[in-house]
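The next block holds one structure in the form of structure tokens; read it before the comments.
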Amino acid sequence: MIEEVKLDEKESRLNNRKKLRELSINPYGYPLPYKPNTSVDELKLKFQDENNFNKEDIYILGGRLLNIRHHGKSIFADLLGVNHKLQIYLKKDELNEKFDIFKNYIDSGDLILAKGYLFRTKTNELTLHILDFHFLAKCILPLPEKWHGLKDTEIRYRQRYLDLFINHEVKQNFIIRSKIIKFLRNYLESKGFMEVETPMLNIIPTGALAKPFKTHHNALDIDMYLRIAPELYLKRLIVGNFDKVYELGKVFRNEGISTKHNPEFTILELYQAFADLNDMITLTEDLISSLVYHIHNSFAIEYQGKTLNFNKPFKKISFPTELAKKGVDIEKLRNDRDYLEKISNELKIPKENRVISHVIDKAFDELVKVDLWEPTFVLDYPVEISPLAISKNDNPLYAERFELFVANFEVANAFSELNDPDEQAKRFLEQQKLKEKGESEAHEYDNDYINALSYGLPPTGGLGFGIDRLVMILTNNVSIREVILFPALLPKK
RNA sequence: GGGCUGGUAGCUCAAUAGGUAGAGCAUUGGACUCUUAAUCCAGGGGUUGCAGGUUCGAGUCCUGUCCAGCCCA
């Protein structure tokens, strides 16, 4: 009497792989007996309304098998493409031994090359009638549940590859992300901007108010920093006589991880010589609204159950005016220490952070930002938090700067770039003073940048976008982790 | 950094008041040549995140710890 061997799922899959090898079939594909001449998605699109098929038209396509349905002497299964799946159909009386190989040794998740002709089943499902197939790769690990999918967020992020092919809708976020990035590049190229790459490894981290990641160059034996922004390098290029440049890439900020912050994220920065803040407003409105239309075929979209309208022009408000409406007087914060303490108490700002720049920033976030739903330009930023922007002609305490807010997110930041080297040097020194007073996110002094400005930077408009947040808004996601393929997580022990 | 919630079979989830840890899907064996969450029959599968503690007895209570999610700083 033969004792029945009970195999668990992984053992069974490994056993099937072993059996294939015993039959001299390579479970991993090489060499390919024939190449694909189409794809699941191509066939699905091409034949979505077609009902007449020619058996002479032979299609060869690769894909992952899911949901295999055995019916004795016939088998149905789904072949997974990028956006679609295609049903395949096998009959024993046509495939003979190959049918048995499929029946006995194929597991869900396996990758195969399928060859056959198209027909429609009586339930009208477009189906590939299989004449031959070839193994491409064996899936030796069990798959998540076919109906409920993979819900565990930890596994979804750590093993994104599983998330992508099990939870079909997840892929859409990343397809849209790619479309957005492609659109931005096309848009800027069409306006005469040139894409450049500047260093990610910096001697001094500059261009933003943020904490950097520190690293070390061994051969030079110096500390270096991952960039927190490409800004100062891009403006050096304008000094170098380029007139329209942009960079699209990662920046790194050593801050908390949350649904809205990933330590590395994607930024778009552009600089246009002989332009100013108003040109950046016009560009931003046009760029964002055409992007929204490109993705959604409408200027109005839904985000978290509420409407966002991207019709030009966007709403414009003034930073000090809005804060004044909420009872915070920036002038008084600058000149009256008791008042600053009072506001700090109201905002629960810790003692060590009670610096003018921090209090202004915090007050805006707490009191104004929370109400900014529709696309809104906030103008007239205080100089204390705008060390790289030119001052307004009529009031040097405020900068020619805007931030664009959408759905309570800051999505863009722009200024008329400060191009007076003496004034820039003074601003850097003021930032050092703030740092001494306890502002941990003050701008570093960059001597070489002052040197560059000393050769003459023409009046320049600069603009930066947070790409991840833009993608979140356009894909209706509240967590940045849903739009970053491999978000930062702590290592699993 | 703080608070709250969670972690149980490959996956999705149960488990009354502290009393033998269950189901569906997946998987294994069998039947089935138009199914699509296929169906029908029969099985196997667990160190309940980890380390301690209380108890005759812990998935459940306590302490610590790790990871995740949400909120706050």
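Of all the listed residues (A:TYR89, A:TYR34), the sole one being in contact (Cβ under 8 Å) with a residue 40 or more places away in the chain, out of contact with any helix residue (DSSP H, G or I) (no Cβ under 9 Å at 6 or more places or on another chain), within 8 Å of RNA strand B (Cβ to nearest atom) and in the same structural domain as A:GLY109 (by TED's automatic domain parsing) is A:TYR89.
Exactly one residue among A:GLU384, A:GLU417 is buried (at least 21 other Cβ atoms within 10 Å of the Cβ), of a type in the set (Asp, Glu), closer than 21 Å to A:TYR271 by Cα and touching a Ser or Thr at 6+ places or on another chain (Cβ under 9 Å), and that residue is A:GLU417. Within the range A:157-212, which residues are among the aromatic types (Phe, Trp, Tyr) and assigned to a helix (DSSP H, G or I)? Once the filter is applied, which keeps residues that are among the aromatic types (Phe, Trp, Tyr) and assigned to a helix (DSSP H, G or I), the range A:157-212 yields A:TYR157, A:TYR161, A:PHE165, A:PHE174, A:PHE183, A:TYR187. Annotation for the range A:358-367: at least one member residue is more than 30 Å from A:SER178 (Cα to Cα) and either away from RNA strand B (no atom under 16 Å from the Cβ) or surrounded by fewer than 17 Cβ atoms within 10 Å (Cβ to Cβ) (or both). Within the range A:403-424, residues that are more than 16 Å from A:LEU283 (Cα to Cα) have Cβ atoms under 6 Å from residues that are in a strand (DSSP E or B) and hydrophobic (A, V, I, L, M, F, W, C) in these pairs: A:LEU418/A:ALA389, counting only partners at least 6 apart in sequence or on another chain. Under 21 Å from A:ASN167 (Cβ atoms), out of contact with any Pro (no Cβ under 9 Å at 6 or more places or on another chain) and either in contact (Cβ under 8 Å) with a residue 60 or more places away in the chain or more than 9 Å from RNA strand B (Cβ to nearest atom) (or both): is that true of A:LEU65 in this structure? Against the criterion (under 21 Å from A:ASN167 (Cβ atoms), out of contact with any Pro (no Cβ under 9 Å at 6 or more places or on another chain) and either in contact (Cβ under 8 Å) with a residue 60 or more places away in the chain or more than 9 Å from RNA strand B (Cβ to nearest atom) (or both)), A:LEU65 qualifies.
Yes or no, residue by residue, for (1) over 30 Å from A:PHE213 (Cα atoms); (2) of a type outside the set (A, V, I, L, M):
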{"residue": "A:PHE265", "(1), (2)": "no, yes"}
{"residue": "A:GLU269", "(1), (2)": "no, yes"}
{"residue": "A:ASP276", "(1), (2)": "yes, yes"}
{"residue": "A:ASP279", "(1), (2)": "yes, yes"}
{"residue": "A:LEU283", "(1), (2)": "yes, no"}
{"residue": "A:LEU291", "(1), (2)": "yes, no"}
{"residue": "A:ILE295", "(1), (2)": "yes, no"}
{"residue": "A:SER298", "(1), (2)": "yes, yes"}
{"residue": "A:GLU302", "(1), (2)": "yes, yes"}
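Residues of the range A:254-306 that are aliphatic (A, V, I, L, M), part of a strand (DSSP E or B) and surrounded by 15 or more Cβ atoms within 10 Å (Cβ to Cβ): A:ILE267, A:LEU268, A:LEU270, A:ALA273, A:ILE301.
Close contacts from the range A:185-212, counting a first residue that is farther than 12 Å from A:ILE228 by Cα and in contact (Cβ under 8 Å) with a residue 40 or more places away in the chain and a second that is small (Gly, Ala, Ser) and assigned to a helix (DSSP H, G or I), with Cβ to Cβ under 9 Å and a gap of 6+ residues or different chains, come to A:TYR187/A:SER290. Checking A:LYS182 against (1) of a type in the set (D, E, K, R); (2) away from RNA strand B (no atom under 13 Å from the Cβ); (3) surrounded by 13 or more Cβ atoms within 10 Å (Cβ to Cβ), which single condition isn't satisfied? Going through the list (1) of a type in the set (D, E, K, R); (2) away from RNA strand B (no atom under 13 Å from the Cβ); (3) surrounded by 13 or more Cβ atoms within 10 Å (Cβ to Cβ), A:LYS182 breaks only (3).
Determine, yes or no, whether A:LYS98 is part of a helix (DSSP H, G or I), more than 9 Å from RNA strand B (Cβ to nearest atom) and assigned by TED's automatic domain parsing to the domain that holds A:VAL40. The answer is yes for A:LYS98.
Taking the criterion of being under 24 Å from A:LEU489 (Cα atoms), among the hydroxyl-bearing types (Ser, Thr, Tyr), away from RNA strand B (no atom under 16 Å from the Cβ) and within 22 Å of the chain's Cα centre (by Cα), the only residue of the range A:225-275 that qualifies is A:THR266. In the set (1) outside any helix (DSSP H, G or I); (2) within 15 Å of RNA strand B (Cβ to nearest atom); (3) without any contact (Cβ under 8 Å) to a residue 12 or more places away in the chain, the condition left unmet by A:GLN48 is number (3).
This table checks each residue for (1) more than 30 Å from A:LEU287 (Cβ to Cβ); (2) crowded, with 17+ Cβ neighbours inside 10 Å; (3) among the basic types (Lys, Arg); (4) within 11 Å of RNA strand B (Cβ to nearest atom).
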position	(1), (2), (3), (4)
A:GLU94	yes, no, no, yes
A:GLY116	yes, yes, no, no
A:PHE119	yes, no, no, yes
A:LYS122	yes, no, yes, yes
A:PHE133	yes, yes, no, no
A:ALA137	yes, no, no, no
A:ILE166	yes, yes, no, yes
A:SER178	no, no, no, no
A:PHE193	no, yes, no, no
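The values are calculated or read from the model by the stated rules, or taken from the named source; none is laboratory data. Here the structure is a predicted model, which is why all the values come from computation and not from measurement. Every residue, glycine among them, receives a Cβ derived from its backbone with ideal geometry; neighbour counts consider all protein chains shown.
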